[in-house]
Amino acid sequence: MYCDKCGTKKIADETYCHNCGNVFGSRREKEKKKSNKYLKWLLGIISLIIVIYVSLLIGKTIEGNESESERMSQLEIENKEIKVELAEQKDEFEETISKILESINAGKDDFIHELEGISEKLKEEIINLINSLKEDSKEKEDKE
């Protein structure tokens, strides 16, 4: 083998180059470098997978937000339609109530007129009853 730095021939067990001072790596270090290389690749692939997953997650969230905003728009439209329908129903209800009140007022006038007629009749009947009671009591007094 030769030194990686200066190219001088290396003696088998030497740990450094006598020519340039370069420290020779052992096989373990070379294997360690190879395993580090694989580890770096593995970490790179895992990082790439995580980035793709996060991107997909963000994409779904954005898509979800868009569909949510579409749903909110749809709900606002439905809400406006319901408000219009309720306003129409309120107008119909108020119209019905005013008609009922008119008929009550018209009936009330007729009812009051009838009561006035009845009260006059009652007055007359009460007066007649009182007079008849007076007459009955005079007759009883006369008999006694």
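Computed from the coordinates by the stated procedures, all read-outs in this text should not be read as laboratory data. Every value quoted in this text rests on a predicted model; they were computed, and no experiment measured them. Note that each Cβ is placed from the backbone with ideal geometry, even for glycine, and that neighbours are counted across all protein chains shown.
Structural remarks
- Spacing of the two label points (7 Å from each Cα toward its C-beta) at Lys108 and Val54, in nm: 7.6
- 5 angstrom amide H check on Thr8, placed H, neighbours 5+ away: Cys3
- In Hz, Karplus ³J(HN,Hα) per residue of segment 52-57 (6.51, -1.76, 1.60; θ = phi - 60°; x = Gly, Pro): 5, 4, 5, 4, 5, 4
- Label-to-label distance, nm, for residues given as Leu101 and Gln89 (7 Å Cα→Cβ offset): 2.2
- Over all other residues within a Cβ to Cβ distance under 12 Å of Ser103, the charged ones net out to -1, with Lys and Arg as +1 and Asp and Glu as -1.
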